[in-house]
Amino acid sequence: MHRSFPFVVVSVFQSALALVQKDGVGKLPALGWNSWNAFACDVSEEKIMTAANEMVNLGLKDAGYEYVNVDDCWSVKAGRNSSTNQLIPDPTTFPSGIKGLAKKIHALGLKIGIYSDDGTTTCAGYPASLGYESLDAATFAAWGIDYLKYDDCNVPPEWMDQYESCVPEPRDSYPGPFQNGTCPPKYYSRPPPPASYDWSTSNTTKRYNIMRDALFAQNRTILFSLCNGGQAEVSTWASATGNSWRMSGDITPNWSRIVYILNENSFLLNSVDFWGHNDADMLEVGNGNLTLEENRSHFAFWAAMKSPLIIGTALDELSSELVDVLKNRYLLAFNQDAVFGTPAKPYKWGTNADWTWNSTSPAEYWSGASGNGTLVLAFNPLASAVQKEIVWREVPELNSGGAAFEVTDVWTGENVGCVSGGINRTAASHETVGFVVGTECQGTLQSSNSVGSLRSQTSSVRSGPMTSGDGRGVKPVREDL
């Protein structure tokens, strides 16, 4: 019997195809939780269920978070089932099996994600899916899986790409620098591609497309999340393969790494729209020694760039202050906006000249359109407090002649009122101030009003329902170290 696939590849961008799935799955950035950043390989059914229950108890489910994702190390490391070749959930750490765990998570009104890899073993050395794509996709569907994170480790030589792409990040063989965001000859372990090379014909693309087709042959809609560390110029082809794709190497709970990824992704945002999203990696909110201001800035920009927002911390240990960050209704509403699929983008670099590639001091002034108004962010990358001035006529979405607008502070929820010309705020070190700028008005309020850092502001924004191509391209100028 013929059965139609539950997806279609259509042209929704000016120059790219997009993967459109049933029931709107993947149209907007995924919201959820993943086990890796909190637990790495020390993962278990008990910890997954703790996270699922906390998503409900803390109001994260009500705020829109829905996926509970099991990362690497969930299976028997010794190999597959000798009779069926199926992957085997570890009976010690997952006594209910993945199917039993999925039933528990679904009973909470949530969805479950699983992890695999397009090589011979996963990044942690567990059985992977290369050569078993159809079997594994069928197994995942039978277990009730809703989301697949598909990694890119341990690829055998016959499946390696002929060429190597530039991912301008330090590594053991070449620590940098990356002038203008480019890679010099000494970066490459394989030849770089000729200028005319089409990465959609690469072995990396083929490996991911094999799993895509295997997933879509199932009677279950499974969101497909590509995790190949930004390799193979993934943003140029992945929108026809999956609904999100990693644009960088792994995140860590270090401010320097978070800012590095922010800078990197700021030059890649033209590939983001409905159905396809640059994945800036899982959130580190609640991990490491990040300050409140750093946690807020991290979350604000991941939301504004329309990255999937996948929490990566132990929810039962998370402070209420940081729970409120993850539930910020204005930033979540922008990330999940049903009217505009494009992300916020830089409109002014601030400390540096516009279009400067700077891995420690990225673009500071960002804006993006949404059904609720224009989101405007001003970021302080410096080690001391500074005054940040947002001028309406400089904001691309607001430069059509309006002099005054209704303004809401995204962190306090305060209705600032009708503000003429622009607005000032004092931003502490590594802090981001943000506003939703709404309808035009007849304003008299001066733009020089300022407050102290967000630590001193008394109210926080809780979650709640929100009613729902500007030409900013990608052209890095230089690396200012």
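The values are calculated or read from the model by the stated rules, or taken from the named source; none is laboratory data. Model, not experiment: these values are computed from the prediction. Glycine gets a Cβ as well: all are built from the backbone with ideal geometry, and neighbour counts include every protein chain shown. What goes into the accessible areas is simple: the full protein's heavy atoms, side chains included, and nothing from ligands, DNA or RNA. Shrake-Rupley method; radii C 1.70, N 1.55, O 1.52, S 1.80 Å.
Here the condition is being assigned by the TED database to the domain that holds ALA137 and more than 17 Å from the chain's Cα centre (by Cα); of LEU226, LEU215, LEU283, it holds for LEU215 alone.
For the stretch 188-221, filtering for residues that are part of a helix (DSSP H, G or I) and surrounded by fewer than 19 Cβ atoms within 10 Å (Cβ to Cβ) leaves 7. If you go through the stretch 107-151 and keep only what is in a helix (DSSP H, G or I), over 16 Å from ASN219 (Cβ atoms) and not charged (D, E, K, R), you end up with just ALA107. Residues of the stretch 380-402 that are open to solvent by less than 70 Å² (accessible area, probe 1.4 Å), among the hydrophobic types (A, V, I, L, M, F, W, C) and in a loop (DSSP other than H, G, I, E, B): LEU382, ALA385, VAL395. Can GLY341 be described as of a type outside the set (A, V, I, L, M, F, W, C) and over 30 Å from ASN254 (Cα atoms)? Considered against the rule, which asks whether it is of a type outside the set (A, V, I, L, M, F, W, C) and over 30 Å from ASN254 (Cα atoms), GLY341 comes out as no.
Conditions tested, residue by residue: (1) of a type in the set (D, E, K, R); (2) out of contact with any Cys (no Cβ under 8 Å at 6 or more places or on another chain); (3) surrounded by fewer than 20 Cβ atoms within 10 Å (Cβ to Cβ).
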position	(1), (2), (3)
GLU46	yes, yes, yes
VAL56	no, yes, yes
ASP62	yes, yes, yes
SER82	no, yes, yes
LEU101	no, yes, no
ILE112	no, yes, no
GLY119	no, no, yes
LEU135	no, yes, yes
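Look at (1) in contact with a strand residue (DSSP E or B) (Cβ under 6 Å, 6 or more places away or on another chain); (2) crowded, with 22+ Cβ neighbours inside 10 Å and you find that SER359 fails only one, number (1).
When restricted to residues that are closer than 21 Å to ASN358 by Cα, open to solvent by less than 90 Å² (accessible area, probe 1.4 Å) and of a type in the set (Asp, Glu), the stretch 155-187 contains 1.
Tell me, which residue of the stretch 231-246 that is assigned to a loop (DSSP other than H, G, I, E, B) and open to solvent by less than 10 Å² (accessible area, probe 1.4 Å) is farthest from ALA303 (Cα to Cα)? Going through the qualifying residues, I end up with THR241. In the stretch 291-299, is there at least one residue being open to solvent by 10 Å² or more (accessible area, probe 1.4 Å), outside the structural domain of PRO381 (by the TED database), at pLDDT 95 or above and under 14 Å from the mean Cα position of the chain (by Cα)? There is no residue in the stretch 291-299 that is open to solvent by 10 Å² or more (accessible area, probe 1.4 Å), outside the structural domain of PRO381 (by the TED database), at pLDDT 95 or above and under 14 Å from the mean Cα position of the chain (by Cα).
So is SER447 modelled with pLDDT under 95, surrounded by 19 or more Cβ atoms within 10 Å (Cβ to Cβ), in a loop (DSSP other than H, G, I, E, B) and polar (S, T, N, Q) or not? Here the answer is no, as SER447 does not meet what is asked.
Among the criteria (1) polar (S, T, N, Q); (2) over 22 Å from SER266 (Cβ atoms); (3) part of a strand (DSSP E or B), the one THR374 does not fulfil is (2).
Taken over the stretch 300-323, the residue count meeting the criterion of being crowded, with 24+ Cβ neighbours inside 10 Å, of a type outside the set (A, V, I, L, M) and part of a helix (DSSP H, G or I) is 2. Every condition in (1) buried (at least 23 other Cβ atoms within 10 Å of the Cβ); (2) under 25 Å from GLY230 (Cα atoms) holds for LEU326 except the one numbered (2). Only one of the numbered conditions (1) in contact with a Lys or Arg (Cβ under 6 Å, 6 or more places away or on another chain); (2) of a type in the set (Val, Ile, Thr); (3) open to solvent by 20 Å² or more (accessible area, probe 1.4 Å) is violated by THR351, and that is (1). Counting residues in the stretch 158-167 that are assigned by the TED database to the domain that holds SER248 and either within 30 Å of LEU101 (Cα to Cα) or modelled with pLDDT under 95 (or both) gives zero.
Results for (1) out of contact with any Phe, Trp or Tyr (no Cβ under 6 Å at 6 or more places or on another chain); (2) among the aliphatic types (A, V, I, L, M); (3) under 20 Å from SER370 (Cα atoms), shown as yes or no for each residue.
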{"position": "ALA300", "(1), (2), (3)": "yes, yes, yes"}
{"position": "LYS306", "(1), (2), (3)": "yes, no, yes"}
{"position": "ILE310", "(1), (2), (3)": "yes, yes, no"}
{"position": "SER320", "(1), (2), (3)": "yes, no, no"}
{"position": "ASP324", "(1), (2), (3)": "yes, no, no"}
{"position": "LEU331", "(1), (2), (3)": "yes, yes, yes"}
{"position": "GLY341", "(1), (2), (3)": "no, no, yes"}
{"position": "PRO346", "(1), (2), (3)": "no, no, yes"}
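Selection within the stretch 403-426: residues that are assigned to a loop (DSSP other than H, G, I, E, B) and not aliphatic (A, V, I, L, M). The member of this set that is most open to solvent (accessible area, probe 1.4 Å) is GLU414. Does GLY434 count as of a type outside the set (Lys, Arg), in a strand (DSSP E or B) and closer than 26 Å to ALA338 by Cβ? Against the criterion (of a type outside the set (Lys, Arg), in a strand (DSSP E or B) and closer than 26 Å to ALA338 by Cβ), GLY434 qualifies.
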